[in-house]
Amino acid sequence: MLPRRWPRFWSAAQLRAVSGTCGRCSYLACRGCRAHYNRPVPEDSSTTPEIGRSGLQIAEAVPADAADLVSVMHAAFAARGPVDPPPAALSETPQSVAAALAEGSGVIARVDGRPAGGIVLAPTPEGEVVLTRVSVHPQFQGHGLASEMVAGAQGLAARAGFRSARLFVRSEFPELARWWQRRGYRLAEEHADGGVWVTDLPVAIRVPNAEAMKALGRELADLAEPGDVIIATGGLGAGKTTLTQGIGDRLGVGEDVISPTFVLSRIHRTGPSHPDLVHVDAYRLGSAAELDDLDLEASLGSSLTVIEWGRGLAEQLAPQRLELDFLVEADDSRTVLAEPVGQRWDRQRLRDLAARIGEAEHV
């Protein structure tokens, strides 16, 4: 039995934060939204239905969802073509999937109530989570649904306390191995019939209130160096600006730090021993070119730059960066998922930081 508490349901706001969507358009294939990297919708929509914001739901899968998951698995794996031996997914039954969900967890995607995709998550004694039966029904492929489900599943596992994820990719499908590699997975074991791919999961930081969010900002400022970039993603009121205020406190900013919604960016001067704080609100920007117009590169090397709503826009500024996703929980607390990109931010130091914030909650 899984010893951790899995969040039961991903609300729309939580899914947007974890998946990297902007919250202002359809979740998937939104015909040019910056959060989806301008991914086009297939021209032929007769067999590929539109996936819109109101119709998509991704939730934790429970045993009652097993039959729907099996229907998706069978359709998805059969569409890949014949292989020898046949995929084990084609032998799954509602009973076997229900048992796997009872021991672990999973996610299921529905579009207008129709099962569209799913992942089964299996815990290991070593504290890893294994992604199995990753499936998107052929009718819903081509919209980026798999990426959204994987991001949601990884966030779900991180919040449950897991630190890493793995999966097996058969050698007959090198294109799938490349797909996982583009999403940060690395080859850990190579076998004659395929390879085991692994990735580190985001660091989940529980933040009970606004003061704790400021404390998190102060802790991040202690770890920061000139030239660092933090991209903060989350809904309105999720805590992005509150965290930036904590960063400003630690850096010695002598003025109020407020969201630069209308001026787009603001430079806060600090003392000689700290980098300046550059605070950007990219909510109203529609493209990376508009972000370039702010001329952030002029201050990038000597400042700490925090970019709210920067997902899909600001990545080109810094290959080494820290991405923060803000989730609003049912009790109005927050969970911040911290994902270091590149080698600059040390994941273990972020885990230690998360432990300190968690300890302060109980003082």
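Listed residues Ala282, Ala288, Ala318; which is under 22 Å from the mean Cα position of the chain (by Cα), surrounded by 21 or more Cβ atoms within 10 Å (Cβ to Cβ) and touching a residue at least 12 places away in the same chain (Cβ under 8 Å)?
Ala282
Looking at region 266-279, I want the residues that are closer than 11 Å to Ser302 by Cα and in contact (Cβ under 8 Å) with a residue 12 or more places away in the chain and have a partner that is in a loop (DSSP other than H, G, I, E, B) and among the polar types (S, T, N, Q) with Cβ atoms under 7 Å, at least 6 apart or on another chain. Which pairs are those?
These pairs meet every condition: Pro275/Ser302; Asp276/Thr270; Asp276/Ser302; Leu277/Thr270.
Those residues that are surrounded by fewer than 19 Cβ atoms within 10 Å (Cβ to Cβ), part of a helix (DSSP H, G or I) and either of a type in the set (A, V, I, L, M, F, W, C) or at positive phi (or both), I need them from region 154-183; list them, please.
Leu176, Ala177, Trp179 - these are the residues of region 154-183 that are surrounded by fewer than 19 Cβ atoms within 10 Å (Cβ to Cβ), part of a helix (DSSP H, G or I) and either of a type in the set (A, V, I, L, M, F, W, C) or at positive phi (or both).
If only one of Leu353, Leu277 is surrounded by 15 or more Cβ atoms within 10 Å (Cβ to Cβ), under 30 Å from Thr199 (Cα atoms) and not acidic (Asp, Glu), which one is it?
Leu353
Any idea how many residues of region 52-101 are touching a residue at least 24 places away in the same chain (Cβ under 8 Å) and closer than 19 Å to Gly152 by Cα?
Summing the residues that are touching a residue at least 24 places away in the same chain (Cβ under 8 Å) and closer than 19 Å to Gly152 by Cα in region 52-101 gives 19.
Which of the numbered conditions does Thr93 fail, given that it passes all the others? Conditions: (1) crowded, with 16+ Cβ neighbours inside 10 Å; (2) of a type in the set (Val, Ile, Thr); (3) under 17 Å from Pro63 (Cα atoms).
Only one criterion is unmet by Thr93, namely (1).
Please find, among Val257, Val328, Val336, the residue that is closer than 18 Å to Gly217 by Cβ and modelled with pLDDT of 95 or more. Quick ask: steps written out before the conclusion?
Values: Val257 fails: modelled with pLDDT of 95 or more; Val328 fails: modelled with pLDDT of 95 or more.
After ruling out the rest, the residue left standing is Val336.
Does at least one position in region 258-269 carry a residue that is closer than 30 Å to Pro208 by Cβ, assigned by TED's automatic domain parsing to the domain that holds Asp332, part of a strand (DSSP E or B) and out of contact with any Phe, Trp or Tyr (no Cβ under 7 Å at 6 or more places or on another chain)?
yes
Can you confirm whether region 209-221 contains a residue that is of a type in the set (Gly, Ala, Ser), outside any helix (DSSP H, G or I) and surrounded by 16 or more Cβ atoms within 10 Å (Cβ to Cβ)? Can you show your working first?
Filtering region 209-221 down to residues of a type in the set (Gly, Ala, Ser) leaves 210, 212, 215, 217, 221.
With the extra rule that they be outside any helix (DSSP H, G or I), the set shrinks to none.
No; the residues of region 209-221 include none that is of a type in the set (Gly, Ala, Ser), outside any helix (DSSP H, G or I) and surrounded by 16 or more Cβ atoms within 10 Å (Cβ to Cβ).
Taking region 330-345 as the region of interest, how many residues are charged (D, E, K, R) and without any contact (Cβ under 8 Å) to a residue 12 or more places away in the chain?
2
Of the residues that make up region 316-337, is at least one of a type in the set (S, T, N, Q), under 29 Å from Leu156 (Cβ atoms) and touching a Pro at 6+ places or on another chain (Cβ under 8 Å)? Reasoning before the result, please.
Kept after step one, since they are of a type in the set (S, T, N, Q), are these residues of region 316-337: 316, 320, 333, 335.
Then keep just the ones that are under 29 Å from Leu156 (Cβ atoms); that gives 316, 320, 333, 335.
Filter again for touching a Pro at 6+ places or on another chain (Cβ under 8 Å), leaving 333.
Scanning region 316-337 turns up at least one residue that is of a type in the set (S, T, N, Q), under 29 Å from Leu156 (Cβ atoms) and touching a Pro at 6+ places or on another chain (Cβ under 8 Å).
If a residue counts only when it is hydrophobic (A, V, I, L, M, F, W, C) and under 15 Å from Ala204 (Cβ atoms), which strands (runs of 3 or more DSSP E) contained entirely in region 295-363 have at least 1 such residues? Before the answer, list the steps.
Working: elements: 303-308, 321-328, 334-341.
Ranges flagged: 321-328, 334-341.
Any residue that is closer than 17 Å to Val134 by Cβ and within 23 Å of the chain's Cα centre (by Cα) - is there at least one of those in region 83-101?
yes
In region 114-142, which residue that is within 20 Å of Gly55 (Cβ to Cβ) and under 17 Å from the mean Cα position of the chain (by Cα) is surrounded by the fewest Cβ atoms within 10 Å (Cβ to Cβ)?
Among residues in region 114-142 that are within 20 Å of Gly55 (Cβ to Cβ) and under 17 Å from the mean Cα position of the chain (by Cα), the one surrounded by the fewest Cβ atoms within 10 Å (Cβ to Cβ) is Ile119.
The values are calculated or read from the model by the stated rules, or taken from the named source; none is laboratory data. This is a predicted model, so every value here is computed, not measured. Here the Cβ is made from the backbone with ideal geometry for all residues, glycine too, and neighbour counts use every protein chain on show.
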